[in-house]
Structures are given as C-alpha cells and as structure tokens.
Amino acid sequence: MAVLLIRLAEVDSTQAFLRRNAHLGFCAAVADRQIEGRGRQGNRWESAPGAGLWLSAALPPPADVAPGILLQRAMAAAARILDPEGKHLGLKWPNDLVAWRDGRLVKLGGILGEQSGTRLILGLGVNLFSAPHLPERAIPPACLKDLGLACPDPAALAIPILHAWNNLEQDSQVLFRWPDAGVPIRWEDGQGTCLGWERDGRLKVTTADGIRRLSAGDVSGLN
C-alpha cells in the first residue's frame with residue numbers, strides 16, 4: 001500500500017501530529033526537527049535539527065502479529081534499510097536499535113507504537129549525523145555516522161522503511177540481539193540471567209526465585 005509522506009520543518013512530535021490529524025487516514029510524517037520528541041516510558045528524545053530521522057506512520061494493523069513482537073519486527077525492518085549489508089546494527093530488548101563500538105553497546109534509535117482508532121501509529125527516531133552527549137547512560141547514544149554508515153536524506157530513508165513496514169507479517173533478521181542467552185542482566189525490579197527471546201517478544205530470564213518472562217522494561221548488563 002502506497003503511503004502519503006508529509007515532510008515537516010518543525011513539529012512537537014511526528015507521533016502527536018498523526019494522532020491529532022486522524023482525518024489524514026493512513027499516511028506518514030517525517031520532520032527536520034521535533035521539539036517534544038519522546039521515547040519509551042515517557043523519556044524525552046533529543047531531536048536536533050538535521051541530526052536524525054524522526055518518522056511516524058499511521059498504518060493498518062498487521063494481521064496475526066502479537067503486540068509484543070510488532071515493534072521488534074518494525075525496528076528490525078528499519079535496521080535492514082539503515083544497514084543494508086548487515087554488518088553493524090542489532091536489537092536490544094525490547095526494541096532499541098543498537099551497535100557495538102569500542103567493545104561497548106551504544107544506542108542509535110528507538111521506536112514507539114500505539115493504536116489510534118483503526119490505525120497503528122509507529123514512531124521511529126534514529127540518530128543519523130549526531131547524538132546527544134549522555135555519558136551517564138548505561139548504554140550511551142551514538143549515531144550512524146560514528147559507525148561509518150551512509151546517511152541519506154531522512155525523507156529518502158523514510159520511503160523504503162515505510163515499504164518494509166507494510167509487510168510486518170514477515171520477520172527481518174538482524175546481526176545480533178542483545179541480551180543473548182547466558183548474559184547476566186538487571187531490570188527495574190530484579191536481576192538474573194537471560195535465557196533467550198521468546199517467540200511472542202517477551203524476554204525469558206532465570207532469577208533466584210525461578211523463571212520469569214519480561215514483557216516490558218529497560219535491561220542493562222550486570223558487568
């Protein structure tokens with residue numbers, strides 16, 4: 001399905017723009033700058049002018065795709081467009097875009113999803129040319145330019161990503177998924193060892209109290 005792409009010079013957030021303009025139907029918006037970009041769990045997302053890809057799309061919800069796996073598939077599809085040779089980018093559970101740099105995991109992007117009437121609104125933020133300086137983060141920000149990846153115009157990147165998002169019934173493979181089985185991790189209310197990513201998108205972990213399956217949250221390494 002062809003999707004109308006609207007380019008905005010500045011907006012509060014592309015996600016909010018599509019939410020309040022339901023009359024536009026199925027479409028997408030890409031912005032040069034967001035002044036109120038947000039990430040998972042309500043965190044502020046730095047969206048400086050010309051620094052990255054700030055994209056939201058209102059699409060028909062894909063059939064028979066579990067909610068927990070939907071954003072993982074959408075981010076994996078975007079990763080294949082951003083890193084066509086599959087040499088750099090991976091996923092950090094539940095759905096962050098990450099890479100290894102100098103032996104350390106760094107974050108390049110995040111994704112949100114929400115149901116609005118009959119539309120699924122996906123919101124993607126990726127640092128292309130620069131990233132905010134946040135050294136206190138367990139997994140600090142980075143940008144595609146740091147990795148030596150090509151950074152086309154955001155609107156040019158948006159078009160193939162939107163095409164891929166129209167086929168989320170199919171999974172896309174990425175270079176790696178972190179944490180892998182055997183990695184010791186912590187999250188908001190516990191710690192344990194990763195046993196693997198479940199088919200429904202949850203993270204299976206073993207703890208001192210037994211096996212748990214995490215549905216959401218922020219995980220980081222114990223080391």
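The values are calculated or read from the model by the stated rules, or taken from the named source; none is laboratory data. These figures come from a predicted structure and were not determined experimentally. With ideal geometry, Cβ positions are generated from the backbone for all residues, glycine too; neighbour counts draw on all protein chains shown. Protein only, heavy atoms only, side chains kept; ligands, DNA and RNA dropped before computing areas. Shrake-Rupley method; radii C 1.70, N 1.55, O 1.52, S 1.80 Å.
Which condition number in (1) modelled with pLDDT of 95 or more; (2) over 30 Å from residue 196 (Cα atoms); (3) among the small types (Gly, Ala, Ser) is the one that residue 13 fails?
Unmet condition: (1).
Take residues that are under 29 Å from residue 61 (Cβ atoms) and more than 13 Å from the chain's Cα centre (by Cα) and tell me which of the strands (runs of 3 or more DSSP E) falling wholly in segment 71-179 contain 2 or more.
Strands (runs of 3 or more DSSP E) meeting the threshold: 104-116, 119-127.
Could you list, in sequence order, the residues of segment 96-132 that are β-branched (Val, Ile, Thr) and open to solvent by 50 Å² or more (accessible area, probe 1.4 Å)?
From segment 96-132, those β-branched (Val, Ile, Thr) are 98, 106, 111, 118, 121, 126; that's our starting set.
Result: 118, single match.
Between 202, 212, which is farther than 18 Å from residue 79 by Cα, open to solvent by 50 Å² or more (accessible area, probe 1.4 Å), modelled with pLDDT of 95 or more and within 19 Å of the chain's Cα centre (by Cα)?
Just a single option satisfies the conditions, and that option is 202.
Could you count how many residues in segment 186-199 are part of a loop (DSSP other than H, G, I, E, B) and open to solvent by less than 60 Å² (accessible area, probe 1.4 Å)?
Adding up the residues that qualify gives 1.
Scan segment 144-162 and give yes if some residue there is acidic (Asp, Glu), touching a residue at least 40 places away in the same chain (Cβ under 8 Å) and surrounded by 16 or more Cβ atoms within 10 Å (Cβ to Cβ), otherwise no.
Yes, segment 144-162 contains at least one residue that is acidic (Asp, Glu), touching a residue at least 40 places away in the same chain (Cβ under 8 Å) and surrounded by 16 or more Cβ atoms within 10 Å (Cβ to Cβ).
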